[in-house]
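Structure, as structure tokens:
Values in this text are rule-based calculations from the coordinates and carry no lab data. Since the model is a prediction, treat every value here as computed from it, not as a measurement. Glycine also receives a Cβ, built like all others from the backbone with ideal geometry; neighbour counts cover every protein chain displayed.
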Ligand SMILES: Nc1ncnc2c1ncn2[C@@H]1O[C@H](COP(=O)(O)OP(=O)(O)OP(=O)(O)O)[C@@H](O)[C@H]1O
Ligand SMILES: [Mg+2]
């Protein structure tokens, strides 16, 4: 999906420069990355629940040190993928490798931490103080992170003394994050880690995650928040119906699908003519207002001039990630309803 | 070993700090002790030589062990699985079997103070007097023979869904209590029920304690039945645990 070749309108081309890690399992020059340098790899992985296919021939490889978002609508297979990476489930087809070994072994060696999606439960044992839970988890690892550092990172200092069942949803989520990093893992899985957090909590959380990733850890998080994926991961793997439908930096995804949106006002828009212009993928006419989606806005605008379409108020914008997402998955992203 | 110990200590601490747990597990046998004791004359003798208050003390100790096991292992474990905590533990380095082992160990460890508390009521309220050595022996015997209860509790906790755990546990508690002869001496039950009683671990658990207090050598059958239950339930635990593990295969 090397979108830089597609001659896009100049403004954001810098974002489309060849991504550092474009193809799974390959370094930028195209050489395969040795397995020992991979944090995880799915090779042709399939998984079913009864007869329902959750993952369908999944291929993903993540080199160590990368922060990757698994982006997809509800039911895409994100949590299932994480369950396989933790050895909570076994693949029905293909192979899953984690840190050069099997998922179960990587977990047993204490090299992996995870914050799971808990559904209705808090994911914490009731009837005990937060501190006791965190100290217990710490003791289960051979080389845990210092207690105070974990507390500070997760921002749970204020409620260390509280009983777990008296935490709010967002607080419980922070505690579960602290549990995920208590063992100082090399690889961390976060399944919708900010689902219950408020806006400022989210912002602080992602700021902290970026720092955490910069320390050389591999972070894989699942989300259906497009901005979250785009802003916090170097690479976004879009999953839908158990398959990878796109893989690359967030900006590449945008570019890959609907590069630009051209808007203008025109006295008598000729739909057919507009449709035939170079690069155009979609035309919407509303009275005198015209919106064109184009894969090549430069060419489209030139064609508008050449064909003497009398346009006014011309505006070229990058189409949003939402559009990319919808185009890729055919699903309405949830966060539109949730956040706005 | 350190993780296992830390985990067991954590579990025991959680149980002993829970008022609900203590009120139920100590409250039930103590209240029953007082109720059933008041019913009869204090000098009444059952089973040949044993005063009723001592007999009842033994059966209420058994009942306490049963309630503690089914509550700690059963209802609480089931709720914990529903909350996602046990799943979270499975992604830490602790081996998955140690979860089961810890639950059994923690259950056994909380049965001990429950026995002591019920015995204290037997002394204070019921006026049961035994030598220190006898108390020690009785507690140890009842404690060891509670192992099948602990297995049963954890088995139910692993098997039964959180919503059905409470009724299941309550029903089992009273069925094993009543039909095991913990509330009414087995000797005064109709014959059919006596047969049933001999099939239940609660009856044999109590019977061991009663033989001890009555100064009789215990029938070998008591230990055999309890061992049988212990082995069978341990096997069932293993099966449920395996099933849980292999559910991963989908
Ligand atoms: N325990 C289960 N039993 C049966 N089907 C399941 C189970 N878990 C998931 N599925 C199905 O597998 C598919 C993938 O589910 P998964 O939980 O991996 O999706 P997801 O991407 O994590 O979704 P969400 O964003 O809602 O968390 C869905 O169709 C779902 O209905
Ligand atoms: Mg999910």
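The order of A:296, A:313, A:275, going from fewest to most other C-beta atoms within 10 Å of their C-beta, is A:313, A:275, A:296. Considering only beta bridges that DSSP places wholly inside region A:3-253, some 55 percent are antiparallel.
Shielding value for A:174-184 is 1, the average number of Cβ atoms from other chains within 10 Å of each residue's Cβ. Residues B:35, A:304, ranked from the fewest to the most other C-beta atoms within 10 Å, line up as B:35, A:304. In region A:258-318, the convex hull through the Cα atoms has an average projected area of 3.3 nm², a quarter of its surface area.
Legend: translational diffusion of region B:2-246 by Stokes-Einstein, Rh = Kirkwood radius over C-alpha pairs, 37 °C, 0.692 mPa s; D = 179 µm²/s.
Taking the number of Cβ atoms within 10 Å of each Cβ as an exposure proxy, the fewest-first ranking of A:90, B:44, B:103 is B:44, A:90, B:103. Simple spin-label estimate for residue B:97 and residue B:242 gives 1.2 nm between the two label positions (7 Å along the Cα-to-Cβ direction from each Cα). The C-alpha atoms of chain B define a longest principal axis, and helix B:201-214 lies at about 40 degrees to it. Between 0 and 90 degrees, the angle of helix B:2-16 with respect to the longest Cα principal axis of chain B falls at about 50 degrees. The alpha-carbon atoms of the protein assembly as shown, seen along their principal axes, cover 115, 50, 45 angstrom, with the largest extent given first. Normalised Debye scattering of region A:3-253 at q = 0.11, 0.13, 0.16 Å⁻¹ gives log10 I(q)/I(0) of -0.59, -0.82, -1.21, counting only Cα atoms as equal scatterers and leaving out solvent.
Remark on region A:48-99: Rg and Dmax equal 11.4, 36 Å (Cα only).
Counting only DSSP beta bridges with both residues in the protein assembly as shown, the antiparallel share comes to about 70 percent.
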